[in-house]
Amino acid sequence: MTAAAGPGPVDRLVDRRSFLVRAAAVAGTTAAGAAALPSIAYAGAPAQPPGGFRGTRGTPYRPPRPEALRDITELTIAEAAWLIRAGRLDPERLVEAYLDRIGVVEPVYQAFNLVAGDRALAEARRLGRRGPRTPLRGIPLAVKDNYWTAGLRTTANSYLFQDFVPPSDATAVARLRAAGGIVLGKTQMGPLATTRATAPNGVITTVSAWAPTDPSVDPGGSSTGSATAVAGRLATSGTGTQTGGSITGPSNAQNLTGLKPTMGRVSLYGIIPLSYTRDHPGPLARDAMDAAIMLTAMAGPDRRDPRTQGLPPVGDLVAAATPVRANRRPRLRWRTRVGVIPGYTAGATPTAAARRAFLAALDAIPGASLVDVPLPAEWELLTGPEFNNVRLPERSEPFKPYLRTDLRAFGVSVTGWLQGALLGADEYLTGQRAKLVLLERVLDLFDRCDVVVQTGPLPFDIIGLPELALPIGFTAAGLPIGTILGAPPYAEDRLLAVAAAYQDVTDWHLRRPADPPATADGRAPRTARRDWRTATAAAPDPRRGRLTAEEVVRRMQ
Amino acid sequence: MPPPAPGTPGRAAAPATDIPDTAPLEAIAVPPAPPTDADLDTLIRARLALAGIDLDQLPPGTRPDPVTGSPGRDTVLASLRAFLRGTVTTLSAYQLPVPAGTDPAHVVPLSQQRAPLLYPSISTAWRAS
């Protein structure tokens with residue numbers, strides 16, 4: 001599983017400063033009426049076709065580990081793809097294995113809103129006979145329930161959409177399916193993507209796969225169900241959306257590799273909006289290669305979403321996530337300076353210790369170097385709660401018809417929608433102007449480094465920059481510790497290369513949670529086991545706890 | 001349209017002041033009294049009503065709806081007041097930065113030059129030909 005380094009990552013092939021120069025030039029010429037339209041000048045060689053796997057210099061097929069052969073729900077995408085391509089695994093058998101496991105543990109995890117078992121089996125049978133030559137062929141996926149799925153209810157865990165059956169797939173879902181992915185089910189989420197997964201009235205549904213008996217353990221942000229499904233081996237990989245940390249948060253909380261791409265990399269068409277300028281679709285996966293495979297299928301221009309058009313081409317993500325060796329020693333694909341912000345390793349907590357070990361491991365990989373970088377000026381202010389609130393009118397405006405007619409149908413989440421309706425257009429504009437200030441200052445940071453560690457997702461969510469979450473250790477109680485790396489625009493390949501090299505020298509990402517105690521012998525309690533071939537979630541159990549409206553305001557993304 | 005004369009209904013008369021006509025603008029700006037809870041409640045209800053949203057759809061008082069979990073209208077009003085006092089005040093007070101050493105007389109004109117961008121990361125893909 002080695003590959004030549006290949007061309008440089010996309011971030012260094014784009015002249016990111018040209019916009020600022022260009023803006024000044026346009027300002028100077030507009031008065032004379034002579035400004036030309038902006039155009040793209042991409043300096044690199046053409047990358048792979050959007051959403052395609054052909055021409056990759058990487059290796060998206062991996063021989064499976066022994067433990068994954070013993071239990072095929074443990075296979076990564078790359079491992080399952082290796083078996084399917086070799087004719088040693090039938091997609092139908094893989095779907096059946098997941099359905100069997102869902103029947104045992106789903107009553108505890110409550111990761112799904114809906115399991116489309118019959119439909120998934122039919123798809124698997126079709127794909128077993130003939131399918132696209134991609135690593136996603138026949139791979140069962142958990143899809144967050146705010147992605148439209150034609151013919152399957154898409155509720156966003158809200159009363160507002162409880163009977164909504166979309167007319168088509170979201171673009172991202174259509175692309176995953178075109179690449180051979182199978183929608184196994186729709187996953188639980190925070191109501192309208194606001195908090196950890198709860199019913200619309202705030203009753204907690206999904207638990208962390210790492211603490212299934214303790215609903216008070218936060219399983220991460222609104223993509224909770226996808227995270228629990230992938231971590232708990234109920235699906236091979238999953239999709240999420242991130243507006244304020246809801247891919248990176250659940251990934252960190254459940255020992256997964258999550259990738260929030262640059263704004264526009266993945267189409268938002270067919271995804272129920274939360275905040276137009278902040279919503280980012282992306283994968284929650286078991287390792288860097290699986291995240292690369294998922295994003296390769298999901299990414300690319302979409303005529304139905306102008307935010308995806310006119311961007312640099314998607315890099316060769318599979319190649320980026322393919323480990324590189326030199327003299328049998330792992331090394332980084334591209335020389336990479338890892339920026340370390342003040343306070344990242346401060347303290348005596350398990351998280352601080354894991355961060356120190358993470359940096360030490362990275363520093364020991366040839367091609368990596370650590371550099372201290374300062375936080376940009378006004379960091380706390382421009383990334384703080386008030387400037388973060390600038391996103392709120394973007395959720396109020398498209399929901400006005402519902403706000404006028406049925407406030408109670410927003411359930412426990414209604415306050416954020418009302419806040420957005422109160423923010424003035426001038427304050428909203430101030431926030432949009434401040435975004436450019438923040439972006440310029442963060443780009444200055446990237447003069448000193450290529451990726452930067454983060455202590456929270458919000459700053460890069462505000463300005464649409466890519467982030468990758470990956471596992472770096474565990475607490476004494478056995479809960480995962482993760483961290484986040486951020487990068488300049490379109491540098492998903494750089495992030496994947498760093499994660500792949502780190503995962504080549506560590507095994508945190510290979511650890512899986514034990515089965516829930518009541519099901520550890522592979523059998524569910526007689527009263528709990530269900531047939532999930534065509535089934536929706538059971539009624540939420542109030543004994544798991546309930547978020548109040550005040551808590552939702554504090555936690556909402 | 002000429003400005004209305006002092007004392008015109010609907011417009012407060014200018015307060016008497018000893019500040020000379022040549023004083024800088026900042027010196028004659030009198031900070032308004034902060035709004036009371038009642039002021040804000042009126043503002044909130046009026047603004048929402050203009051958009052066709054009636055807070056009375058929510059349960060009265062502070063008890064949430066037992067079925068949907070939606071909060072009582074007093075709970076929501078308290079949260080919205082805090083939101084206005086925090087977010088609107090902070091955003092309104094923010095002045096976009098200018099280069100260090102800028103002539104104080106040029107600070108506001110220079111700070112006006114920064115453009116709003118809904119999608120700042122996407123903007124980096126725009127290229128000069």
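The table below lists the values:
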quantity	calculated
Normalised alpha carbon radius of gyration of the protein assembly as shown [divisor 2.2 N^0.38 Å]	0.99
Carbon and sulfur %, accessible surface of the protein assembly as shown computed with the full protein complex present, 1.4 Å	56 percent
Cross-link partners of A:K400 among aspartates and glutamates (Cα-Cα below 17 Å; sequence separation of 8 or more within a chain)	B:D54, B:D56
Peptide A:459-466 - average C-beta neighbours from other chains (10 Å radius)	3
Chain-alone versus full-assembly comparison, the stretch A:385-402, residues with accessible loss of at least 50 Å² (1.4 Å probe)	A:E386
Accessible area buried between chains A and B, both sides summed, probe 1.4 Å, in Å² to nearest 100	5200 Å²
Per residue solvent-accessible surface (Å²) - chain A, probe of 1.4 Å	34 Å²
Relative contact order for chain A, counting Cα pairs under 8 Å that sit 6 or more residues apart, in percent	20 percent
Shielding of B:73-83 by partner chains, average beta-carbon count, 10 Å	4
Structure-based [θ]222 nm, chain A - -39500 (n - 2.57) summed over DSSP H runs of at least 4, per residue, nearest 500	-9500 deg cm²/dmol
Lys, Arg +1 and Asp, Glu -1 on Cβ, resulting dipole of the stretch A:67-555 about Cα centre, debye, nearest 20	1160 debye
Signed unit charges on C-beta, dipole axis of the protein assembly as shown, positive-most listed residue A:W210, B:L77, A:V314	A:V314
Gap separating the Cα centres of the stretch A:293-351 and the stretch A:180-250, nearest whole Å	23 Å
26 Å Cα-Cα reach of A:K260 towards lysines, excluding residues that sit fewer than 8 places from it in its own chain	A:K144, A:K186, A:K435
Positive-end residue, chain A charge dipole about Cα centroid, Cβ charges, pick of A:P330, A:T483, A:A499	A:P330
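The values are calculated or read from the model by the stated rules, or taken from the named source; none is laboratory data. Source: prediction; values computed, not measured. Backbone-built Cβ (ideal geometry, glycine too); neighbour counts: all protein chains shown. Side chains included, ligands, DNA and RNA excluded: accessible areas come from the protein's heavy atoms. Shrake-Rupley method; radii C 1.70, N 1.55, O 1.52, S 1.80 Å.
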